[in-house]
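Take a look at the structure set out below.
FYI, it's all coordinate maths here, none of it is from the lab. All figures in this text were calculated on a predicted structure; none of them were measured in a lab. Neighbour counts are summed over all protein chains in view; Cβ atoms, including those assigned to glycine, are modelled from backbone coordinates with ideal geometry.
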Amino acid sequence: MVKIKVNLRKNVDASYEIIVERGISNKLPALLKKKFGKRKIVIITDTNAGKYHGKKLCLKFIKSGFDASVIIFKSGEEQKRLSTIEKIQEKMLKNGVNRTSVSVLLGGGVVGDVGGFASATFMRGIDFVQVPTTLLAMVDSSIGGKTGVDLQTGKNMSGSFTQPKLVLIDIDFLKTLPKKEFSNGISEVVKYGVISDARLFSYIEKNKGKIRKRDYGCLNEIIKRSCAIKANIVGKDEHEGNLRKILNYGHTVGHAIEAAGNYRKYSHGEGISIGMNAEGLISKKLKGMNLHEIERQKKLLEFFSLPTRMPKIGTGKIVRLMAKDKKSSGGKLAFALPKKIGKMMNVKGRFGIEVKRKIVESALKEAGK
């Protein structure tokens, strides 16, 4: 027997900055020139963000001396498919994008997921920069390197962990964000308060009126604090071995609701809002969150016009969909659950907690009342 070892031990620093600044998108060509030099730029965006910002940003790069192009795909969660990745990558080839190029992902969570996966797998991976234009993408999906698409039977089932080289957050993008999309982002901000920072949760409660009116100072505060929480968690557990699972609070139920509605009836933020209420009730049954805290969470979500009641889908269908979730194994249901606002439950140091099906079904029924 002959044994030959392929020695691939590495110590790679994949750290990157998240820069939050009003109007920073106007400085994007200069920032990328400083970081990458004048490498070829491809902007990947969807019809929502592309309509307002895509071609304008491409023109800024061209005027700054870059060889730049823009690829626009149809907006919507239903576009998170492998077929979309193929179309984008074919256009990348047609536009002359190569292994030294840099992609700029301009848009919401779908753009970050799809554009990130397309970049991570094009010619076995090119560098990309996240430029989120929605609140949800700013505080959540643009950070942490999760990229991917949905399969027919599950959300984000095909993808990779590939970190961006830079995240640039321009709060001015929120001026034109539709009310529903703004609320979608608030669901994730509330989640950060529940899983990690009781003071952030209280800050949102105290300033909810100003936040809903999009007061710049309040938006800057909640975005900054949300990003800091996620950055800290991802820095400790990049590939979701344990601690990073707490970011999935509300998502096990929420993703099942999204799938049950064929990713059209319920937005991501709506699914997560309903999921947090339901998973809060699961926590209560395990002697975690109390009713007062669940009500605080519910009232805050509903203030931002987010749904909290389980839709009439059928408990059995939701449970079957949850059993396919990446956090579950062997058909057993697993959740990231709060012990109280600001602190998560763990079992022997593990944050992915298996819960008996009867308890889950009981909580889902209670959440539907």
Q: Name the most mobile residue of ILE195, ILE186, ILE24, meaning the one with the largest mean-square fluctuation, in a Gaussian network model of the chain with Cα contacts below 10 Å.
A: ILE24
Q. Looking at the chain, what % of its DSSP beta bridges pair antiparallel, to the nearest 5?
A. 35
(Q) To the nearest 20 Debye, how big is the dipole of segment 17-176 about its Cα centre, given +1 on the beta carbon of each Lys and Arg and -1 on that of each Asp and Glu? (A) 700
Q. Listed highest first by mean packing, meaning other Cβ atoms within 10 Å per residue, what order do 5-16, 113-124, 83-94 come in?
A. 113-124, 83-94, 5-16
(Q) Can you tell me, using C-alpha contacts under 8 Å and at least 6 residues apart, the relative contact order of the chain as a whole percent? (A) 14
Q: Label segment 213-269 by shape, choosing from rounded, prolate and oblate, from the square roots a ≥ b ≥ c of the eigenvalues of the Cα gyration tensor; if a/c is under 1.5 it is rounded, and otherwise prolate applies when a/b is larger than b/c, oblate when it is not.
A: oblate
(Q) What does the C-alpha gyration tensor say about the overall shape of segment 101-182? Classify as rounded when a/c is under 1.5, otherwise prolate if a/b is larger than b/c, or oblate. (A) oblate
(Q) Please report the spacing between the Cα centers of segment 309-369 and segment 192-271 in Å, no decimals. (A) 18
**Q.** Contact order normalised by residue count of segment 17-176, Cα under 8 Å, 6+ apart, percent
**A.** 27
Q) How many lysine pairs does segment 1-49 hold where the Cα atoms are under 24 Å apart and the two sit 8 or more places apart or on different chains? A) 4
(Q) About the Cα centre, and with charges only on the beta carbon of Lys, Arg (+1) and Asp, Glu (-1), how big is the dipole of the chain? Nearest 20 debye, please. (A) 360
Q. What span do the alpha-carbon atoms of the chain cover on each of the three principal axes, reported in whole Å from largest to smallest?
A. 69, 59, 36
Q. Could you give the Stokes-Einstein D for segment 194-347 in µm² per second, using the C-alpha Kirkwood radius, 37 °C, 0.692 mPa s?
A. 202
(Q) Just want the answer: with Cβ charges of +1 for Lys and Arg and -1 for Asp and Glu, which residue in GLY96, THR84, THR153 is farthest toward the dipole's positive end in segment 17-176? (A) GLY96
